1. Within segment 3-31, track down each residue that is in a loop (DSSP other than H, G, I, E, B) and of a type in the set (S, T, N, Q).
2. Here's a check for you: in segment 106-152, which residue that is β-branched (Val, Ile, Thr) and part of a helix (DSSP H, G or I) is least open to solvent (accessible area, probe 1.4 Å)?
3. Could you tell me whether segment 33-46 includes any residue that is in contact (Cβ under 8 Å) with a residue 60 or more places away in the chain, assigned to a strand (DSSP E or B) and surrounded by fewer than 22 Cβ atoms within 10 Å (Cβ to Cβ)?
4. Looking at the structure I just gave you, is THR55 open to solvent by 10 Å² or more (accessible area, probe 1.4 Å) and either under 12 Å from VAL3 (Cβ atoms) or in contact with a Leu (Cβ under 9 Å, 6 or more places away or on another chain) (or both)?
5. Any residue in segment 284-302 that is modelled with pLDDT of 95 or more, hydroxyl-bearing (Ser, Thr, Tyr) and within 20 Å of ALA51 (Cβ to Cβ)?
6. Only residues that are farther than 29 Å from PHE48 by Cβ, open to solvent by 20 Å² or more (accessible area, probe 1.4 Å), in a helix (DSSP H, G or I) and in contact (Cβ under 8 Å) with a residue 24 or more places away in the chain: list them for segment 71-105, please.
7. Count, please, the residues in segment 273-289 that happen to be open to solvent by 20 Å² or more (accessible area, probe 1.4 Å) and either among the polar types (S, T, N, Q) or part of a helix (DSSP H, G or I) (or both).
8. Looking at (1) buried (at least 20 other Cβ atoms within 10 Å of the Cβ); (2) under 25 Å from ILE267 (Cα atoms), which is the one condition that is false for LEU175?
Amino acid sequence: MTVDGPVDAAELGVVLPHEHLFCNTLREYRSDGLLDDRALMEREVAAFHDAGGGTIVELTGSTLGRRPEDLRAVSRATGVHVVMGCGLYRDPYLADTGIDRLSVAALAEAMVAEIVDGVGDTGIRPGVIGEVGTDAAWVSAREERSLRAAARAQVATGLTLSLHAARWPVGRLILPILEQEGVAATRVIVGHLDTVRDSPYHVELARQGCYVEFDGFSTTHEYDLERMVRDIVAVADAGFLDRLLISHDLFRQSHLTAYGGVGFAFILEHVTGRLRAAGFGDDELRRVLVDNPRAALTGEAAGGA
């Protein structure tokens with residue numbers, strides 16, 4: 001499901017599974033934390049299309065300034081499919097949402113209503129749940145409510161659930177919560193693993209069946225690029241190539257090419273060369289860029305044609 005309606009999964013092409021086109025993180029990043037310029041975003045996304053890109057998964061939920069109609073406009077202007085997310089993100093973005101006054105069931109029902117009927121009166125439907133997760137090394141009470149609601153929405157609708165699980169191995173705490181609600185690990189993407197510098201942990205998650213996502217390719221720091229490639233190769237060498245996803249997670253103005261950042265074409269124009277130098281061939285790159293994200297979104301068998 002895209003912001004312009006359903007498309008055949010075979011048409012998705014190269015997928016960036018964790019990005020933001022319109023986003024408000026001002027409470028953390030001040031003036032750098034607002035993406036709200038549609039004309040600029042059309043230009044930035046067009047560069048991804050011109051580099052060979054097909055689909056962007058936009059994981060800005062309702063608490064982060066999601067803009068469904070602008071997402072559809074960007075998609076139509078650029079020819080790039082956009083899959084929109086839903087959910088309540090993490091602390092500190094949960095404090096003023098009213099989450100404390102609603103039951104988990106009510107939160108889940110609201111999410112399912114968006115997925116089935118569309119957001120508000122736009123008719124634009126989410127195609128993925130997320131990003132939702134935690135701010136720290138533990139799961140707060142509000143975050144647990146958000147996660148349980150997202151899990152129930154996943155079970156009810158079958159959509160993939162994408163996690164914010166940064167800096168610490170907090171996936172070990174989140175996954176049991178999701179499992180209690182009936183979510184299969186194979187329908188979960190654990191994001192921001194490049195920020196958790198623990199390669200055995202990455203493999204552990206892949207072994208459980210999760211998609212492991214290295215989405216920090218917004219950096220140009222040589223050390224970080226080398227480390228991410230090394231961790232990606234380690235997951236592949238452990239036998240879990242079909243669980244790997246990569247993306248940029250662009251969410252600040254400084255991440256865009258207009259402000260000196262890498263932009264949405266960086267993976268296709270630069271990171272693929274680094275992966276080739278590390279031993280990836282055409283088949284491995286297609287798996288990571290095309291087949292795996294398609295399977296993650298659709299629930300098809302990993303590694304499918």
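1. First, pick out the residues of segment 3-31 that are in a loop (DSSP other than H, G, I, E, B): 3-4, 6-8, 12-13, 20-22, 25.
Across segment 3-31, the qualifying residue is only THR25.
2. So in segment 106-152, the residues β-branched (Val, Ile, Thr) come out as 112, 115-116, 119, 122, 124, 128-129, 132, 134, 139.
From the residues that got through so far, the ones that are part of a helix (DSSP H, G or I) too are 112, 115-116.
Details: VAL112: 37, ILE115: 10, VAL116: 83 Å².
Ranking the candidates gives ILE115 first.
3. Yes, because at least one residue in segment 33-46 is in contact (Cβ under 8 Å) with a residue 60 or more places away in the chain, assigned to a strand (DSSP E or B) and surrounded by fewer than 22 Cβ atoms within 10 Å (Cβ to Cβ).
4. Working: open to solvent by 10 Å² or more (accessible area, probe 1.4 Å): no; either under 12 Å from VAL3 (Cβ atoms) or in contact with a Leu (Cβ under 9 Å, 6 or more places away or on another chain) (or both): yes.
Spelling it out, it is not the case that THR55 is open to solvent by 10 Å² or more (accessible area, probe 1.4 Å) and either under 12 Å from VAL3 (Cβ atoms) or in contact with a Leu (Cβ under 9 Å, 6 or more places away or on another chain) (or both).
5. No, there is no match, as no residue in segment 284-302 is modelled with pLDDT of 95 or more, hydroxyl-bearing (Ser, Thr, Tyr) and within 20 Å of ALA51 (Cβ to Cβ).
6. Of all residues in segment 71-105, those farther than 29 Å from PHE48 by Cβ come to 91-92, 94-105.
Pick out the ones that are also open to solvent by 20 Å² or more (accessible area, probe 1.4 Å) and you get 91-92, 95-97, 100-105.
Those left that are additionally in a helix (DSSP H, G or I): 100-101, 104-105.
Correct list: ASP100, VAL104, ALA105.
7. 9
8. (2)
The values are calculated or read from the model by the stated rules, or taken from the named source; none is laboratory data. Bear in mind the structure is a predicted one, so any value in this text is a computation, not a measurement. FYI the Cβ positions are ideal-geometry reconstructions off the backbone, even for glycines, and counts take in every protein chain you see. The protein model used for the area step is the full one, side chains on, heavy atoms only, and it has no ligands, DNA or RNA in it. Shrake-Rupley method; radii C 1.70, N 1.55, O 1.52, S 1.80 Å.
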